[in-house]
Every structure is written in structure tokens, then in C-alpha cells.
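Sharing a structure below in C-alpha cells format, with a few things to ask.
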Amino acid sequence: MTTVDDVVAQGVLIRLRRKRSADAQDDFEWRCDPELARFDAAAPLRATFRDFLTTFEDELRIPSPFRRVLAVDDDSGHHIGNVMYYNIDERKGEAELGITIGDKRYWNQGYGTDIVQTFLHFLFTQANMRRIYLNTLDWNVRAQRAFGKAGFRRSGVSRRGVHAFVTMECRREWFLIPEHVEGGDRERH
């Protein structure tokens, strides 16, 4: 169960908390899921759970300074996914965002938008970030809509191998001052 000390940020539908050992089984299953891997333009994980757990525990003990992962729980404390920022450049105040809603029962219900808005608020007010960007597969229109609702704007396209990506970005001033957001209808956290 989530303790008050674990919670990093509270959204409307979710809360972001520090990762813990109990998350390993969910994370392993999500990384092995072919459908979820497809959204990351990756192959499903083929490691054993034992090998995965060793790496997972190592990352909990010695986190990377360039990658930070938080767990996402629903309001009842059920672990539904993860959100992270990586490729962190503290000098520029920017990083890349990644999100997984591994529990598919939470898809298409507004959780993605709430997770991203809550995470952006945390990054811009607590982690001193000025710009957050992401790359999503060009065919993943659902994700692009959720990112747009959360405050991101399309800023380019790129290719990696056979995959085309849409690059989107959100800047602190756009997010914290609502009139900078198209439509201006984002909820504040």
C-alpha cells in the first residue's frame, strides 16, 4: 500500500510515487507484453523474471542520474503504470518523458492525460525543468491527443530505423500560465 512518504505528486485520478520492490512483477509483465512493446517501438522483453529482478533491484539501490522513474497508482493505490524522465540535461533544464499505462483497464479513460499533467507540474515546479519533450510513434494518435490535452505541442518528426516519430514539447511557461495553452482548458494540479 502507498504511504504518504512515497507520494511525490497527486493528480485528479492518480498519484505518482517512488518505485519499490513490489512493483517488479507488474513491470516485468508489462515489459514482456507484445502490445505494450509495440508502443515503444521495441521487442518484448525476453529475460527471465529472476534476471529482470536483479536489474530492477540494482536500479532501486543505485538510481541513474540521467533517468528517474515513478510508479503510477490509481486513487485506491493500485499500480497501473510508470512515468519517467530521462536524457536529463540539468544545465538546459530539459528531459525526455516516457509513460506506460500497463494495466489496460485504465486505457481511454483520461488517466494518460492526468498522469502527464501531474508529472509536468511536478517537473516544472519541483525538479526545476524548463522544457520536456517526447517522441511518440506517428501512428499513435491516441497518445498524441492525450499529450496535446496535457499541454504538449508538436515540434517535429524524426525517423529511427523503420519507425517514424512525432516529437512534441512542453515548456514551463506554457504549462504554468494557462493562456499559453491552446484552448486554455487544462486543469491545474
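Run the quick spin-label model on GLU29 and VAL141: label points 7 Å from Cα toward the beta carbon, then report their separation in nm to one decimal.
3.1 nm
Looking at TYR86, TYR133, ILE14, which one has the Cα that reaches farthest to the positive end of the dipole of the chain (charges on Cβ: Lys, Arg +1; Asp, Glu -1)?
Looking along the dipole axis, the top candidate is TYR133.
Let me ask something else about it. Quote the charge dipole size of the chain about the Cα centre in Debye, to the nearest 20; the model charges only the Cβ of Lys and Arg (+1) and of Asp and Glu (-1). Walk me through the numbers on the way to the answer.
On the way: 29 positive and 29 negative charges, 113 e Å.
For the chain, the charge dipole is close to 540 debye.
What is the order of TYR111, TYR133, TYR86, fewest Cβ neighbours within 10 Å to most? Write down the numbers at each step before the final one.
Values: TYR111 23, TYR133 17, TYR86 13.
Fewest-to-most ranking of TYR111, TYR133, TYR86: TYR86, TYR133, TYR111.
If I model a spin label at ILE177 and ASN87 as a point 7 Å from the Cα along the Cα→Cβ vector, what separation in nanometres do I get?
In this crude label model, ILE177 to ASN87 measures out at 2.7 nm.
Sum up the charges of everything whose Cβ sits under 11 Å from the Cβ of PHE49, counting Lys and Arg as +1 and Asp and Glu as -1, but leave PHE49 out.
Numbers: positive: ARG31, ARG50; negative: ASP27, GLU29, ASP51.
That works out to -1.
Let me ask you something else. Determine the distance separating the Cα centre of segment 153-171 from the Cα centre of segment 27-59; give it in Å without decimals.
24 Å
Report the net charge of residues surrounding PRO34, where surrounding means a beta-carbon distance below 14 angstrom and charges are Lys +1, Arg +1, Asp -1, Glu -1. Walk me through the numbers on the way to the answer.
On the way: positive: ARG31, ARG38, ARG46, LYS104; negative: GLU29, ASP33, GLU35, ASP40.
Local charge sum for PRO34: 0.
Hey, what D do you get for the chain in µm²/s if you plug the Kirkwood alpha-carbon radius into Stokes-Einstein at 25 °C and 0.890 mPa s? Could you put the intermediate results ahead of the total?
On the way: Rh = 17.1 Å.
So the translational diffusion coefficient is about 143 µm²/s.
No value in this document is a laboratory result; all are computed from the given coordinates. On a predicted model such as this, the values are computed, not experimentally measured, just so you know. When we count neighbours, we look across all protein chains shown, and the Cβ atoms used for this are built from the backbone with ideal geometry, even at glycine.
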